[in-house]
Amino acid sequence: VAFAPSGYYFASAGGDATARLWTTDRGAPVRLFSGHTSTSVNSVVFHPNCNYILTGADDKTARLWDIQSGRCVRLLNGCSRGLNVVKVSPCGKYATAGDYSGIVHIWDLGTGKKMTELRSHHGAQKKPPSPLLLHGLAYSACGRALATAGDDCCVRIWDVQNLPGAPRVLDSPIKSYRTRRAVLLDLHYTKRNLLLATGKYANPISLAQQI
């Protein structure tokens, strides 16, 4: 669920291949967004101008929707795995999504073309990497930094202020902060560019039993 900045509208994503637009004073959705080809739509966020929402799903795509018409106006693809979390940059120019393999994808919303991939979570191991699910994406208030975090118990900060000239693949964040055993579930930047993170303690015995 994601609230619009005004607080009157909010959007939901679910397991019926749709996203829905709601208002705080009605018990029924006011708009239905249908088009994803998988049942699981995993994440939804509002565009900063509040005229669009961005969704990510198991069909390996992110989609930008016009909330007035309900139409998909941008289909963002080029991912090899389903998408678990999506975000829009504060300037509204870029869409960002984390997939099930730990890769972060960034697209130009003006053209719909993918600009770069952030692969540090994906390539943290020397051997072929096991999936490291990303749960948290957060842009700083100024839009110059992107924080990523997930199952690998690490927050990584990326410099994204020069995306038009960035390489196709980036694998070196400017900062990394590792927890002892806490899987990170969400990230949030304050207006003063302080980064907040929430997580859960991962029992090493339980993780070993799952493997």
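The values are calculated or read from the model by the stated rules, or taken from the named source; none is laboratory data. Because the structure is predicted, anything quoted here is derived from the model rather than measured. No Cβ is skipped: glycine too gets one built from the backbone with ideal geometry, and neighbour counts run over all protein chains shown. Each accessible area value is taken on the protein alone, full model and side chains, heavy atoms only, with ligands, DNA and RNA left out. Shrake-Rupley method; radii C 1.70, N 1.55, O 1.52, S 1.80 Å.
Table for the structure above
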| quantity | calculated |
| --- | --- |
| Residue-normalised accessible area of the chain, given per residue in Å² at a 1.4 Å probe | 52 |
| Sequence of F33, F10 when ordered by accessible area, the most exposed leading, probe 1.4 angstrom | F10, F33 |
| Vicinal HN-Hα couplings computed from phi for segment 188-199 (Karplus, 6.51 cos²θ - 1.76 cosθ + 1.60; Hz; Gly/Pro x) | 8, 8, 7, 5, 8, 6, 8, 9, 9, 9, 10, x |
| Segment 44-98, relative contact order [Cα under 8 Å, separation at least 6], % | 33 |
| Y189, Y100, reordered so the largest accessible area comes first (probe 1.4 Å) | Y100, Y189 |
| Alpha-carbon Debye profile of the chain, log10 I(q)/I(0) at 0.11, 0.12, 0.16 Å⁻¹ | -0.51, -0.61, -1.07 |
| Heavy atoms of L196 accessible to a 1.4 Å probe, total area in Å² rounded to 10 | 100 |
| Residue-count net charge about L184 - beta-carbon cut-off 9 Å; Lys, Arg +1, Asp, Glu -1 | -2 |
| Whole-number percent relative contact order across the chain, with pairs defined as alpha carbons under 8 Å at least 6 apart | 11 |
| Approximate spin-label separation R168-D16, in nm, with each point projected 7 Å along Cα-to-Cβ | 4.1 |
| Accessible-area composition of the chain, carbon plus sulfur, in percent [1.4 Å probe] | 51 |
| Y8 - accessible surface, heavy atoms, 1.4 Å probe, Å² rounded to 10 | 90 |
